[in-house]
Amino acid sequence: MISTAPARRLRIGIGGIGIESSTFCPHRSTTDDFRQTRGQELLDRYTWTRPDSDLAALVEWVPLLHATSLPGGPVEAESYLTLKDELVTRIRESGPLDGMVYDIHGAMSVVGLTDAEGDLTDAVRAALDSYGTRPLLSAAMDLHGNVSRRFAEPCDLLTAHRLAPHEDAWDTRERAARNLVRCLRTGTRPHRAWIQVPVLLPGEKTSTRLEPAKSLYASLADIEKKDGILDAAMWVGYAWADEPRCKAAIVITGDDPRLAAAEAEKLARRYWDARRDFVFAGPTGSAEECIEKAVASDQRPFLISDSGDNPTAGGAGDLAYMLGKLLENDAIRTGEVTAVHPGITDPVAVARCFEAGVGAEVTLDVGGKVDANHGGPYELTATVTALQRATERKDRAEGGAYDRGVDMAAVRAGGLTVVLVERRKPFHTLADFMGPAEGGLGVDPRTYDLVVVKIGYLEPELHDMAADWLLALTPGGVDQDLLRLGHHRVERPLYPFDDAYEDGPGPDLTATLL
């Protein structure tokens, strides 16, 4: 807690643009995909901006623009420029700022750019410096972001989540804000020791529920307790963008540059040495193998992740690949085993269901319209069992773009219930399935034998729900098998694409002081 009264209240802006973008996904993100907040609505996102916060007497928070989107394909250039120009203009028009909390993700790809966050941060830095001073810029990021030198250099402070799943996302933002206030009040302009580690792994192999990520990330709190260290951060990078900046990174921030560099180098070496020890967050198999094992199991509900088309990692969300595999199984097709498969994006199919009404039999060409690379649409004849309009559901205050209301339709074929959505949407919680108390889908995943979700590692509520679980290595824009995706622009050598250092001393992991 900060208790010393300042000579004057600090003016600190808050803003940023955040999305995770797979360059292997045919989907293209536009401004319509971003939930945009400004003014008081932006400030209301955070607890530490409230009048009853201990920071209230110290800081005047200046809301700029915050835009966040469900992960997807690269952002269209025009949409990116629209958001970027507004953010930069608001910075310039806000009057002199002492600093800015830069609330971003770190894995945004933009059509025509190779380092979107580098481009955005150059513009943000120039706008901040236009006051004639050099305000401090404090970035709060996802650990699946990328940290190029071009991006890191204009930032005075950088921090990232320390948990995957990201149960500490709001803690990360608060840490970025408090570190910024501390530096401004003490007149500190900290040193950053930056290292990129030539390792690129999917998030499903770097969950902090398991070793070695569990211990590596747990060590960050101990590092930042050392005198002269302010923050310790580690990024695993974003595996589904084919860009030179995509790799793991370490940034240690502090007053003592030698100590920061030494700690960064030790952490980078530990990460490199552990590269072969990272394993998937759960047992894996092909779609067919996972379905067969789940059907044969007596554990209910049994969850399966359709990981290659996970919309919360950047997948298109409209692949019908898993749908086809489920209905190839005799026990599911005949209804001997029940299953629910939510989240296939298809606005045309949803509209058809609404036209037909509950109880009607419909024949639909489901999915495969955005990402047509893995079998195309699936012809499904099914009965409409429930419908839910977008207006019947409100966003959770903290959910942001992940919880935008969408039209949904549930249809049943044999023992399989499929939930179709008119725009990309994850299913992470019971409320995502059930909807509002009245007028919702009323699909309770706990009542099915199998729950097959477009996701990677299970989010907390699904994790607690699952009696057992398998990670299906399915195709799509966020395929867990990186070697079959076709990266060709990443910097090599890069593990696991190659391991040129296997018999030598390893890569140069010397820290660069920024």
When restricted to ASP318, ASP371, the only residue buried (at least 18 other Cβ atoms within 10 Å of the Cβ) and either out of contact with any Lys or Arg (no Cβ under 7 Å at 6 or more places or on another chain) or not assigned by TED's automatic domain parsing to the domain that holds ALA413 (or both) is ASP371
When you check THR23 against the structure, is it closer than 25 Å to LYS247 by Cα and either among the β-branched types (Val, Ile, Thr) or not in a strand (DSSP E or B) (or both), yes or no? yes
Screening ARG276, ARG245, ARG300, ARG269 for residues that are surrounded by fewer than 24 Cβ atoms within 10 Å (Cβ to Cβ) and either within 30 Å of CYS155 (Cα to Cα) or of a type in the set (S, T, N, Q) (or both) leaves only ARG269
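Answer with yes or no whether GLU41 is at pLDDT 95 or above, acidic (Asp, Glu) and either under 18 Å from the mean Cα position of the chain (by Cα) or not in a strand (DSSP E or B) (or both).
The answer is yes for GLU41.
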MET1 passes all but one of the listed conditions (1) modelled with pLDDT of 95 or more; (2) loosely packed, with under 15 Cβ neighbours inside 10 Å; the exception is number (1)
How many residues are outside any loop (DSSP other than H, G, I, E, B) and more than 30 Å from TRP272 (Cα to Cα) when one looks only at the stretch 183-198? 4
Residues that are under 30 Å from ARG352 (Cβ atoms) and not assigned by TED's automatic domain parsing to the domain that holds SER148, at least 3 per element: which strands (runs of 3 or more DSSP E) completely within the stretch 413-514 meet that? 416-421, 450-453
Identify, from the list THR68, THR49, the residue that is of a type in the set (Ser, Thr, Tyr) and part of a loop (DSSP other than H, G, I, E, B). THR49
Note on GLY343: of the conditions (1) within 23 Å of PHE24 (Cβ to Cβ); (2) more than 26 Å from the chain's Cα centre (by Cα); (3) not polar (S, T, N, Q), unmet is (2)
Filter result for the condition that a residue is among the basic types (Lys, Arg), in the same structural domain as ASN179 (by TED's automatic domain parsing) and within 30 Å of LEU470 (Cα to Cα), over LYS226, LYS214: LYS214
Neighbours by Cβ (under 6 Å, 6+ apart or cross-chain): first from the stretch 250-277, over 18 Å from ALA218 (Cβ atoms); second assigned to a helix (DSSP H, G or I): GLY254/ALA260
Considering every residue within the stretch 62-73, establish whether at least one is loosely packed, with under 14 Cβ neighbours inside 10 Å and either in the same structural domain as GLU117 (by TED's automatic domain parsing) or small (Gly, Ala, Ser) (or both). no
Residue count for the stretch 441-497, restricted to those that are among the charged types (D, E, K, R) and farther than 24 Å from SER109 by Cα: 7
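The values are calculated or read from the model by the stated rules, or taken from the named source; none is laboratory data. Note that this is a predicted model, so its numbers are computed, not measured. Using ideal geometry, Cβ is built from the backbone for each residue, glycine included, and neighbour counts are taken over all protein chains shown.
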